Each structure stands twice: as C-alpha cells, then as structure tokens.
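Enquirer: Structure incoming, see below.
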Amino acid sequence: MTRRLLIRATGAARPGQLAGLGQAMARSGARLLDINQSVTFGMVSLEALVGLDRDSDLEGALAEAGGSLGLDVQAIQVGAEDYQRWSAQASQPRLILTLLAPHLPAGILAEVGALTAEHGLTVELIHRLSGREPLDGGAPPFGSCVECWLRGDDIDLDRLREKALALGAMHGVDIAIQEDSIWRRHRRLVCFDMDSTLIQAEVIDELARRHGVYEEVAAVTERAMRGELDFQQSFRERMAKLKGLDESVLVAIADELPLMDGLERLMKHLKRLGYRTVILSGGFTYFARHLQEKLGFDEIHANELVIENGKVTGEVHEPILDAGRKADLLREIAAREGLAMEQTIAVGDGANDLKMLATAGLGIAFRAKPLVRSQARQSISTLGIDAVLYLMGYREGDLEDEGRAG
C-alpha cells in the first residue's frame, strides 16, 4: 500500500540542505512526486510530495536530517482523497494573471484574492518579475510586476477580465489575464502600431499643426480613434486638409519624433532574443522608415504619401492600410515566416488596431482609449512599452543579466 507524505522544511537557507534532505528520503526508499523550493530574504521554504511503497521511518530520518541542517521539518500524511483532488487540480487549465504598476499597493493582493476566489480559482504560485525597489523607496526603474499562476475549471474568462479591468482602474494597476500554453514561451513575431504606440505623437496631427489646420484634423482623428468613424473615410478627409504641405516639414518632424518611453529597451531585448519585429501602421511609411533605420525593425507597412513637386497632394497610394489590412498582414507575415498565429504578438492603441489585436496570439492595447481597452484581451496603461516584456513572461533580472553578458 503506497503511503504519500507532504514534506515541509523551513529555516535559514544554507548550502547542503537539499542534499541532506534528499539523502534522508533516498535511504527511506521515497519516490519524488512533486517539489517546490523558494528562498526569500535568506529564509528557505521547501515542500516535497513523496510516495513510499515499503515500511520505513521517513519521518524520523527527516527530523534527524533537519536538526543537523538547521531546518524545521514536518511530514504530513496525504490521504487518497486529498491526492486525487490535488491530481485533478493540477490538470485544470492554468491562467497567468499579471499585475503591473510603478508601485504595487499591498491592498491589491486582497482584492485580487477576492476576485479569483469569486471565480473559483486557486492561486498556485506568485512570483516577482520586476527588479527590487531601491533602498530609498523609489519606484523600480522598469516598474513593479508580479505574476500569479491560477487554476480552475469552467471559467468565464471574459467576465473575469472585465472585473479585473475595473479593479485595476480603481487602484491604478494594470491587471492582465492570459491563458497559459506552450505558445506563451514561444512567441516569435511582434507587430506594432506606430502613432501613440511607438511614438508619443499622432503624426498626421503634427503635419496638420505645421500646415495650420490642426483643430480641424485633430477633431476627425479623435473621433476615428474612439471608433465613431470609418477609418478610410476619416483618413481621406484628414489627408485632403494637408494638400500643399511642403515636403521639408516631413523631414523636420521625422527628426523630432518623441519615442515612446521604454521603446529602445524593448527593441534591444527583442532583437537580441531573435524576435521578428514589424510596424503595421495606418500612418505613413516616411516616418515608419525613420524608426526602422533608428531602431532596427525588420519590416514596415504603412501608407505611402503622394508627393509632387515637393508638395503633399493630399492623397496616398492605394490600398489604404486600415484595420482589416493590418490583421491580414499579420496573418500573411506569420504564414511567410512559418509561424502559428499563437506565436504572434500585436501592440496598438486605437480602434483601428482592434482586429490586429484580436488576430494575434497575444494582443495588447497600449495606453489606449477606454473603448479599446475594454475590447482588447490585454492592456498596459501604467508603465512604458517595455512592460510588454513582462506579459511575455520575462524577468527583469534575466534580461539585464543577459544584456550584460552580451
């Protein structure tokens, strides 16, 4: 008859503890079924589930080993019913809940705990992805991020995300919820909108400002970004107001484009890790090409301005790159690169990006309007665009260590 025991060991961490406990279990003929260990501020916590098929004094052996290793060791009997419950829970779908903010208020843990309990979810693991807070209490340089692994069955994911979005807004925290799968660690293609995503500007508004028609164009832009106007119709209306703009203005604006905070760090890591990076923009190739040359995007797709005799004509070459075309290009590039759609990521801020975000394996609304945030599966509003790395599951420490090694 197989006996199962949960071994729990705690104490001040020091070398040799795992070896000592492992030897005690081995001498008793124990089989390892599961194990987890962590060290926090020098205190170790180890839990191991073991099976025993013969009589042995495992408890005594562990108590003796623990005494010599400075550990408090408990051995808890696990009945057949408890073991079956644990096995069933381990086979349930896993969700990844990520908390992001400049600082994470402690109260958010209670709120998230209540939210997950309401949906029948068990918190399986919590760990930090961001760096440590400085001694002076300032915000970590790349924000705070904690990742929680959840388990549960029959989850209303849309309702859970809706409540998480509202909860995050109350506390100034981004709460992202993803379904875990093998693809989460094997994304290979990242596609970005440009205006208000990669750069802190709407280029067409900047062109209008230089041409003296800013108020007229900005009003149309705002309505389009809120999803109140058809993109192609609004785009042509805005372009017509730019007729006669001197080409030299494009050069000046390109040189002054303010990059989104975190963009250079994000691109550095994506390129080093081998991701293919693409701009899919309803803006203009003139400015997308400028970013490509500066940051190393692998390819760009945007609208091509028609310029004659050094003047903008108020037209663009067809076809106009609208929401549907963005999603189509994402699929086409993935197919060309031999990638499953689950391996793709899309990041954008406007209603014109929603189809692209829905098509990608991981779609992220970045500093988006409320309408877009509510319809996108994930969103980031409190940190820079390099927080995308957290939703990809990367630890800040690993990225920075790898950067120094490279």
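The values are calculated or read from the model by the stated rules, or taken from the named source; none is laboratory data. Since the structure is predicted, the reported quantities are computational estimates derived from the model, not experimental observations. For neighbour counting, all protein chains shown are included, and Cβ atoms are generated from backbone atoms with ideal geometry for every residue, glycine included.
Enquirer: Kindly provide the set of residues from segment 69-86 that are of a type outside the set (A, V, I, L, M, F, W, C) and surrounded by 11 or more Cβ atoms within 10 Å (Cβ to Cβ), ordered by number.
Expert: If the condition is that a residue be of a type outside the set (A, V, I, L, M, F, W, C) and surrounded by 11 or more Cβ atoms within 10 Å (Cβ to Cβ), then 70, 72, 74, 82, 83, 85 are the ones that fit.
Enquirer: Does any residue in segment 13-29 that is farther than 18 Å from residue 51 by Cα come within less than 6 Å, Cβ to Cβ, of a residue that is in a loop (DSSP other than H, G, I, E, B) six or more places away or on a different chain, and which pairs are these?
Expert: Listed by first residue and then by second, the contacts come to 13/42.
Enquirer: Could you please give the count of residues in segment 355-374 that are surrounded by fewer than 22 Cβ atoms within 10 Å (Cβ to Cβ), assigned to a helix (DSSP H, G or I) and touching a strand residue (DSSP E or B) at 6+ places or on another chain (Cβ under 8 Å)?
Expert: Number of matching residues: 2.
Enquirer: Still on this structure, please answer the following. Answer with yes or no whether residue 89 is within 26 Å of residue 149 (Cβ to Cβ), within 34 Å of the chain's Cα centre (by Cα) and at pLDDT below 90.
Expert: yes
Enquirer: I'd like the full set of residues that are free of Cβ contacts under 8 Å to residues at least 40 places away in the same chain and closer than 30 Å to residue 268 by Cα, limited to segment 304-317.
Expert: The answer is 304, and nothing else.
Enquirer: Of the conditions (1) more than 32 Å from the chain's Cα centre (by Cα); (2) of a type in the set (Val, Ile, Thr); (3) surrounded by fewer than 11 Cβ atoms within 10 Å (Cβ to Cβ), residue 40 fails just one. Which one is it?
Expert: (1)
Enquirer: Find the helices (runs of 4 or more DSSP H) located wholly in segment 209-292 whose residues include 3 or more that are within 23 Å of the chain's Cα centre (by Cα), and list them.
Expert: 263-272
Enquirer: With of a type in the set (A, V, I, L, M, F, W, C), assigned to a loop (DSSP other than H, G, I, E, B) and within 20 Å of residue 275 (Cβ to Cβ) as the only criterion, which of 399, 339 stands out?
Expert: 339
Enquirer: Consider residue 321 against the criteria (1) buried (at least 19 other Cβ atoms within 10 Å of the Cβ); (2) hydrophobic (A, V, I, L, M, F, W, C); (3) at pLDDT 95 or above: it satisfies all of them except one. Which criterion is unmet?
Expert: Result: residue 321 fails condition (3) only.
Enquirer: So is residue 251 of a type in the set (Val, Ile, Thr) and in contact with a helix residue (DSSP H, G or I) (Cβ under 7 Å, 6 or more places away or on another chain) or not?
Expert: Answer is no for this residue.
Enquirer: If you go through segment 186-197 one residue at a time, do you hit one that is within 30 Å of residue 334 (Cβ to Cβ) and out of contact with any strand residue (DSSP E or B) (no Cβ under 9 Å at 6 or more places or on another chain)?
Expert: yes
Enquirer: Identify, by number, the condition in (1) of a type outside the set (Phe, Trp, Tyr); (2) surrounded by fewer than 18 Cβ atoms within 10 Å (Cβ to Cβ); (3) outside any helix (DSSP H, G or I) that residue 201 doesn't meet.
Expert: In the conditions (1) of a type outside the set (Phe, Trp, Tyr); (2) surrounded by fewer than 18 Cβ atoms within 10 Å (Cβ to Cβ); (3) outside any helix (DSSP H, G or I), residue 201 misses (2) alone.
Enquirer: Looking only at segment 183-195, count how many residues are crowded, with 22+ Cβ neighbours inside 10 Å, part of a loop (DSSP other than H, G, I, E, B) and in contact with a Lys or Arg (Cβ under 9 Å, 6 or more places away or on another chain).
Expert: Number satisfying all stated conditions: 1.
Enquirer: Which one is surrounded by the most Cβ atoms within 10 Å (Cβ to Cβ), of the residues in segment 204-222 that are free of Cβ contacts under 8 Å to residues at least 60 places away in the same chain and in contact with a Lys or Arg (Cβ under 8 Å, 6 or more places away or on another chain)?
Expert: For segment 204-222, the residue satisfying everything is 217.
Enquirer: Would you check which residues across segment 302-312 are surrounded by fewer than 19 Cβ atoms within 10 Å (Cβ to Cβ) and either in contact with a strand residue (DSSP E or B) (Cβ under 9 Å, 6 or more places away or on another chain) or part of a helix (DSSP H, G or I) (or both) and list them?
Expert: 304, 306, 307, 310, 311
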